[in-house]
Amino acid sequence: MRKVRWAAAAAGAVLLIAGCGSENDSPQGRNGDAPSAGGSATAKVGSGGSLDVEAVRKEIDAAATTAGFTARQPADDVPPGLKSCTVRWQADGAKSADSRKSYDATVATLVKGGWKERGRADEKQSVSMAMDKGGWTIMTWHRPQGRVDGTDWISFIANDTGPACEKPFQEDLADKTTNKQ
């Protein structure tokens, strides 16, 4: 199951990098603004002008924990070739008093920190969203009672969309697709 989730996340990242998706997921987003190429003053900038993986991890962790989430343990491991290209942060929905309120607060904090909304999809009580900043895209999800145990599923997956990570994402997707068959 973990391989399927990673394959889905990697496929989503490849689609975002390639610019595919719905009209709301276009580079101009919902309001016509182009995604930010810069970052907030609090984020570290890595080589090539993009954020580094630790800065992105810290921003997501700070926003989510301030909003009342705790990280779900153990988290799925990031494939070795993608460790500098992706951050996966999954909340423990069972430990949150109001997971939707905490999700919305996390997203609001990220937006205040310079992340630009790229697209959003609301379906019944579920929501997914994409945000860009400094060469990174965060995909967020909130699915009420989306897990077998009845707890809400909340996830933030950030991917470096720069050229240095394009090949590792393609290789990981090809590996997952080959191993799935």
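Go through Lys124/Lys176; Lys95/Lys124; Lys112/Lys167; Lys83/Lys116 and tell me which ones have a Cα-Cα distance over 29 Å in this structure. Each step should come with its number before you reach the end.
Numbers: Lys124/Lys176 31 Å; Lys95/Lys124 23 Å; Lys112/Lys167 31 Å; Lys83/Lys116 24 Å.
Check vs 29 Å cut-off fails for Lys124/Lys176; Lys112/Lys167.
Mean separation of Cα pairs under 8 Å and 6+ residues apart, divided by the residue count of region 70-135: what relative contact order is that in percent? Before the final figure, lay out each step's value.
On the way: 49 pairs, mean separation 13.9, N = 66.
Taking the mean separation of contacting Cα pairs over the length of region 70-135, I get 21 percent.
In whole percent, and with a 1.4 Å probe on the protein chains, what portion of the accessible area of region 109-149 is carbon and sulfur? Write out the running numbers ahead of the final one.
Details: 940 of 2050 Å².
About 46 percent, which is the carbon plus sulfur part of the accessible surface.
Ordering Lys112, Lys95, Lys176 from largest to smallest accessible area (1.4 angstrom probe), what's the sequence?
The residues order as Lys112, Lys95, Lys176, largest area first.
The values are calculated or read from the model by the stated rules, or taken from the named source; none is laboratory data. Fair warning: this is a prediction, and the values are worked out from it, not measured in the lab. Just so you know, the surface numbers come from the protein's heavy atoms only, side chains and all, with ligands and any DNA or RNA stripped out. Shrake-Rupley method; radii C 1.70, N 1.55, O 1.52, S 1.80 Å.
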